[in-house]
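The block underneath contains the structure these notes are about, expressed in structure tokens.
Nothing in this text is a laboratory measurement; each read-out follows from the coordinates by a stated rule. Because the structure is a prediction, the values reported are computed rather than measured. Here the Cβ is made from the backbone with ideal geometry for all residues, glycine too, and neighbour counts use every protein chain on show.
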């Protein structure tokens, strides 16, 4: 067929039959062309023709199915031109319209429609809209929770308390909905939910050792420990080669010995592993002076390696082995009731959701696959699952089942494919094609493992029931692109990160033929470019580079808008340079149609981003400012566009006009035309009522207003009355179109800037309303709710698409959307953005193999901790996520045909480069998987690999790394560093130096103007100091302000800490508790101590032990409390009075928080009283203790300050103000007189009266 020259591998993929065939087709290898050719040859075989409707071709998207039909129709038509009398070809062209070239969901829908009677389904069902499903789910989850509350189910109440927020149960509802959605990606969701909950029902360590969780932890540890051993051995080699470092040998040899024992213990159970990790001890390095070492850089490297390993081992133990095996087992057992209850609630939700859908006669997309599965299976007498008669019929009917993009199949789809094909028979007929390196849909529960299992098992040789064919010739890209892609992924992709070893066998081979440039005035192709922006100048902190950062946090909060802008500026600069090269030459690319060189066009360029949110807007602005035509399908902006906000506001007030915000929006819009002054006039008529109520009163002449305002108010009421009546009986879609026409708003927005786009947006809202009318929900209120849910679930739909395919603009798109496309010039930008691993912080994780991974919440102690299953799942998901990110990067790079340009930013270039070179030095050939796992961004992976490339000398030289890292590779790279100073300033600005200063208006003397300028700019707001006053202040803050100078001599225990940053204890150099912390411990003990058990020191000591056992105090904190000091207080006259009050049922309060108000002039004495005497500031504090006696209240405050004997008056003076506020607060709270106030000084064991 045709003149296409097929490679041997392609011919094998086209012609091999009679077996299950897996075709591993790399990027640009002509996968779709091969699949179409295979189908054409099967259906046009004159000797043994197969009708096209007897082939099942499953594609990933509807667009792919349509494209395949078109290709097949074109191929058949061309063949008919050559053989016009061929009955076979004529028949196939006729049958093409009923061919089974379809998506999996469409195939499932056909199966259900033709076999609805076998599963008791009403044939008049319809497919529900996703937003309709969200509304239904919301309704049902609320019903389920309400029923459990009414049952007063104890297990459910504990589940709610453990996994919901402090305010409501929305968090748990979200967990149930997510778990339901996740479980539906498997073929047997009910069984999965039950089985995975039961996996927590274990009693012994032997059972724990047999779980998949332990296996996963061991696999993860094996990679990490192997990496640490490589690092230490590398350091050991450096020590042996460097004179003067011999004293380090003992410590490093000891470290290696410990880690080797840990590695060996991986063969045992969790007890052996825990024991070996617990015994790891890093002995102190011997002192080696720098002047005694032949290479100071070598000394620094080995010390950094050891510090890194120590830190990582500490984190490893903290994350996964902070508890003993027995404690881990107990955590799993205790979590069992919660997981069982969670599974039960999810199953109940699923059951009710199914019932509700049946009642409304609707199906969702998950139902299509599961109901199809239900039709295709039956059970034998023993309850075993087997193919149904329908499935057997499909096996017989389909001559071949062909699956495109097989790497993106999930478990349900795999089961369906097995049931309709003869995969497991002696006459197999399954053809699968895909590329596991381009599997990037795990978030949709795609399972690349399905592809990999067959890839590893199927032989390359023909003749058996299974076979694989590899297509690795790339017919898309130039050699410069292919060799660069191969270099990077050979270094960083592995079976651990990427789920595939990127060997020579997997590497792309050049298949495309590009003409050489014949004239000297033309530029083409060129090396792959890497542009790195150093962000260190954009921050004031001295934080670590991205690679060194330990946070598994992909949050956009870490992205600096300034950095995004500068990166966009780099891209804009390079695009302009491509169009205007410095040497006057012309950059050209090959035209796809003619095969000849032509000048570069904007539409030849694409900018690929991992996520467009937040980035595309910045790139649009920057490129637009520099005259570059650019388009981005931002996926945002629709609901925020003024036209949609206005119409939605009208709909909201038609439904309920008692909403001021939408009412004001409509009044200010061109539809009603109220001015801001008119709105102010309306509000001044009545400050309490809703705007609608005031306007209604104006309408019935209760208020007098200007004639013009009266007319406008009358129009508002009359229009609303008219619209509200019409909304009752008019379908929503018709009603919205009526509003467009009645208000003339549709025509109005058409006359605005971007009018065509705005009208298209309004049409989308009309289409949404039409879609809503087909759901089971009715009415305006439900439509508004429908749109709100759509907005929440879809984020934002993005503005209407009005851009044609041939528009000459630079396109910005996400890497996911670029899959299957190709562009002459590709910018892969934002590669310095950290991977998003935020989902790992969820309270419960899910995994299809490992089940549930919860945090255990101890409701008695009010604390929570991660369980061993969660740690195992966290490690597996992290590995799978990073593998997916590796494949996404591969997809991005392989979109480029002729030129690949990479841009990214790093927080601190020097530290990042040091990390990259250190990682690159650990192995002669590759970047170790343990180092790849440490990478926090694509830039880390690319940078580590390039440190081993001959063109990476700029990276190595920057930090003085040695050249022995370099591996031989023919790819060409060009590395550039950028800083803010390189990119600021606009070269288009003309010089203004020649303007004479005397002619400037600002230098002319015009008395009237000068006075007016001085009056306006010199204005001082009377209450300006109010804006600088704190809204909330503590008693301690006031006391410190009053005695700032004296405080330097004393160390005071603060009640409320000020805003200084407190370092965690492990980051401080000092050992033990600080004075402030010791004081806090004493206060806590005095708050918690039982007055019935303070007669002896032993009783007090026993109480302290109880506080420790209850995890309220640590061992270290207990040590700072001297029981004798506590007893001495209770033996003092003040202590005895307090005990007397307690024993006689008088009021005794300890650690009482309070809030009151003080005049702002007390906070700032400099404020004039006549202006600020009524300005109040909220005062807060905690009163240590007060107790009641017959004639009043006694106030008591504990002090742990160091005070010398005889200096009591100084401390008394210091706390006088504080005690005054406490006294006033108590008198306000209790309404009783505070007769005495005391300080009790623990240091001197004495009380001081504040008289």
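Miscellaneous remarks
- Shape of the range 1148-1243, Cα gyration tensor, a/c cut at 1.5: oblate
- The calculated pair-distance distribution of the range 1-153 uses every alpha carbon pair, bins of 10 angstrom beginning at 0, and gives 9, 27, 27, 15, 11, 7, 4, 1 percent.
- Cβ-based exposure ranking for 1033, 332, in which fewest neighbours within 10 Å come first: 1033, 332
- Ranked list, fewest to most other Cβ atoms within 10 Å of each Cβ, for 184, 452: 452, 184
- Gained length - residue 203 relative to residue 263, 0.36 nm times residue gap less alpha-carbon distance: 18.9 nm
- Normalised radius of gyration (Cα atoms, divided by 2.2 N^0.38 Å) for the range 354-480: 1.28.
- Amide N proximity, the range 346-375 versus residue 143 label position 7 Å along Cα-to-Cβ, cut-off under 14 Å: 348-362
- If you take the Cα centroid of the range 220-251 and the Cα centroid of the range 1160-1185, the two points sit 62 Å apart.
- Looking at the chain alone, DSSP beta bridges between its own residues are antiparallel in about 35 percent of cases.
- Listed by Cβ neighbour count within 10 Å, with the fewest neighbours leading, 372, 1185 appear as 1185, 372.
- Listed peptides 312-323, 100-111 by packing density, highest first (mean Cβ within 10 Å): 100-111, 312-323
- Across the range 126-360, counting alpha-carbon atoms alone, Rg and Dmax equal 26.2, 85 Å.
- Set of the range 384-402 residues, backbone N closer than 14 Å to the point 7 Å along the Cα-Cβ line of residue 425: 387-401
- Two-site FRET efficiency, residue 210 against residue 518, from Cβ-Cβ distance with R₀ of 56 Å, rounded to 0.05: 0.20
- Debye log10 I(q)/I(0) for the range 1144-1183, one point scatterer per Cα, at q = 0.24, 0.26, 0.28 Å⁻¹: -0.77, -0.83, -0.89
- Straightening the chain between residue 67 and residue 592 buys 187.1 nm, computed as 0.36 nm per residue apart minus the Cα-Cα spacing.
- Folded to 0 to 90 degrees: helix 31-43 orientation relative to the chain principal axis, Cα: 40 degrees
- The relative contact order of the chain comes to 13 percent, based on Cα pairs under 8 Å that sit 6 or more residues apart.
- Distance from the range 869-921 to the range 35-111 (C-alpha centre basis), Å: 41 Å
- Size descriptors for the chain: radius of gyration and Dmax over Cα atoms are 37.2, 121 Å.
- Each label was represented as a point 7 Å from its Cα along the Cα-to-Cβ direction; for residue 1017 and residue 8 these points are 8.3 nm apart.
- A simple spin-label model places pseudo-atoms 7 Å from Cα toward Cβ; at residue 621 and residue 151 they are separated by 5.3 nm.
- For the range 1224-1240, backbone nitrogen atoms closer than 19 Å to the point 7 Å from residue 1176 Cα along Cα-to-C-beta are found at 1224-1232.
- Cα gyration tensor shape for the range 601-683, rounded if a/c is under 1.5, else prolate or oblate: prolate
- Cβ-derived FRET efficiency at R0 30 Å, residue 330 paired with residue 1128, nearest 0.05: 0.15
- Entry note, the range 642-794: relative contact order of 23 percent, from Cα contacts under 8 Å with a spacing of 6+ residues.
- Prolate/oblate/rounded label for the range 416-483 (Cα gyration tensor, a/c 1.5): oblate
- Only helices enter the 222 nm calculation for the chain: every DSSP H run of n ≥ 4 contributes -39,500 (n - 2.57), and dividing by all residues gives -15500 deg cm²/dmol, rounded to 500.
- Principal-axis analysis of the Cα atoms of the chain puts helix 780-794 at an angle of about 80° to the longest axis.
- Per-pair calculated FRET efficiency, R0 = 41 Å: residue 849 and residue 579 via Cβ, rounded to 0.05: 0.20
- Most to least packed among 683-694, 611-622 [average Cβ atoms within 10 Å]: 611-622, 683-694
- Computed on the range 642-794, the Cα convex hull volume stands at 118 Å³ per residue.
- Taking 0.36 nm per residue of separation and subtracting the Cα-Cα distance, full extension of the segment from residue 392 to residue 1233 would add 293.6 nm.
- Put simply, the range 96-177 fits an ellipsoid with semi-axes of 40, 15, 11 Å; these come from the alpha carbon gyration tensor as the roots of five times its eigenvalues, largest first.
- Compared with the dominant Cα axis of the chain, that is its longest principal axis, helix 296-320 is turned about 90°.
- Taking label positions 7 Å along the Cα-Cβ direction at both residue 1151 and residue 168, the computed distance is 3.2 nm, reported to one decimal.
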